[in-house]
1. Within the stretch 87-184, considering only strands (runs of 3 or more DSSP E) that don't extend past its boundaries, which have at least 2 residues that are open to solvent by less than 50 Å² (accessible area, probe 1.4 Å) and away from the ligand (no atom under 16 Å from the Cβ)?
2. Taking into account only those residues within the stretch 197-225 that are open to solvent by less than 30 Å² (accessible area, probe 1.4 Å) and over 23 Å from Ile137 (Cβ atoms), which is modelled with the lowest pLDDT?
3. Condition first: in contact with a Leu (Cβ under 9 Å, 6 or more places away or on another chain) and in a strand (DSSP E or B). Can you find one or more residues in the stretch 202-220 that meet it?
4. What number of residues within the stretch 46-70 satisfy the criterion of being under 30 Å from Phe165 (Cα atoms) and loosely packed, with under 13 Cβ neighbours inside 10 Å?
5. Could you list, in sequence order, all residues of the stretch 245-265 that are in contact with a helix residue (DSSP H, G or I) (Cβ under 9 Å, 6 or more places away or on another chain) and outside any helix (DSSP H, G or I)?
6. Given the conditions (1) closer than 22 Å to Asp42 by Cβ; (2) among the polar types (S, T, N, Q); (3) not assigned by TED's automatic domain parsing to the domain that holds Gln74, which single one is not true for Gln154?
7. Looking at the stretch 226-244, can you tell me whether even one residue there is open to solvent by 40 Å² or more (accessible area, probe 1.4 Å), touching a His at 6+ places or on another chain (Cβ under 8 Å) and part of a loop (DSSP other than H, G, I, E, B)?
8. Considering each residue of the stretch 30-44, count those that are part of a loop (DSSP other than H, G, I, E, B) and within 18 Å of Val182 (Cα to Cα), and give that number.
Amino acid sequence: MVVGRFAPSPTGPLHFGSLVAAVASYCDAKSRHGQWLLRIEDVDQTRCLPNVSDDIISTLQRFGFEWDAEIIYQSQRTDLYAQALSQLRQQGLAYPCTCSRKEIADSSTLQGIEGILYPGTCLVQPVKPGTAAAWRIKTDAQTIQFHDRIQGVQQHQMRRDIGDFVIQRADGLFSYQLAVAVDDALQGIMHVVRGADLLHSTTRQIYLQQQLGFPTPTYAHIGLVRNAQGQKLSKQTLAAALPSDNLVSTLRSAFDFLPQLPNPTPALQSMPALWQWAIESWQLH
Ligand SMILES: [Zn+2]
């Protein structure tokens, strides 16, 4: 059984780029008679805005999405993430870190895929007493490789490209990477289709799956929607919320954007007809 998912963060209303990602994961699961789940990624409560989750859910409903199980909220699953952390600690794979951002910047000259690499300071010297500690996972010299269904072969050497990364922040919040690895496994998600902005997160999630004994899904990262300035549509670039009218033409535009779909014929003007056409026409190149 194909089980796919859409997992928005409620840091702002859905915009056109998120609609495109939702459409892609939906068509991919439904075209293979699979299930599609909705997960609200509100693990970082400091970034989530009140009522935005409900707004996202009603927007998806307006566009005709149907999910096949109860919606899950990461904010209600911290016990599961804590269990994963405690398993990693028992395996000797996690260690506390009291370094500040500045201390890391001052003590490391190594660059990874997301900026300065953590040099492993707290692995070799005792953490500062009385300072709240983050938890990091140890990385080693292994290369994590996967075949993305759209972007092709991707790989990172964990220690050189990623470094020991945070799985629980010093303020107690679990990291996005840990939450996603746990949730995808526990929800039985084996087919991840999402935006290419998350392509670089995938090796970290696979690394965590391997350490936790979870299976690895297949991945497809779809091209990003950009604005006229070439920036990715996001809350940071102030992408507009999806309109609450003109639903059919907005949905058609999302279909138009995806190279995995041919251009919808003008005859398709109702939401159910458009969805049926899209699910039958979907092909991942
Ligand atoms: Zn440290």
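The values are calculated or read from the model by the stated rules, or taken from the named source; none is laboratory data. Computed from a prediction, not measured in an experiment: that's the story for all the values here. Methodologically, a virtual Cβ is constructed for each residue, glycine included, from the backbone with ideal geometry; neighbour enumeration extends over all protein chains shown. Side chains included, ligands, DNA and RNA excluded: accessible areas come from the protein's heavy atoms. Shrake-Rupley method; radii C 1.70, N 1.55, O 1.52, S 1.80 Å.
1. On the way: elements: 94-97, 134-137, 143-148, 152-157, 165-168.
Strands (runs of 3 or more DSSP E) meeting the threshold: 143-148, 152-157.
2. Applying the filter and picking the extreme gives Val225.
3. Yes, some residue in the stretch 202-220 is in contact with a Leu (Cβ under 9 Å, 6 or more places away or on another chain) and in a strand (DSSP E or B).
4. Number satisfying all stated conditions: 2.
5. Step one: filter the stretch 245-265 for residues in contact with a helix residue (DSSP H, G or I) (Cβ under 9 Å, 6 or more places away or on another chain), giving 247-248, 250-255, 257-258, 260-265.
Of everything in the stretch 245-265, those that are in contact with a helix residue (DSSP H, G or I) (Cβ under 9 Å, 6 or more places away or on another chain) and outside any helix (DSSP H, G or I) turn out to be Leu258, Gln260, Leu261, Pro262, Asn263, Pro264, Thr265.
6. (1)
7. The answer is yes; a qualifying residue exists.
8. Initial filter on the stretch 30-44 (part of a loop (DSSP other than H, G, I, E, B)): 31-34, 41-44.
Restricting the remaining residues to those that are within 18 Å of Val182 (Cα to Cα) gives 41-44.
Selection size over the stretch 30-44: 4.
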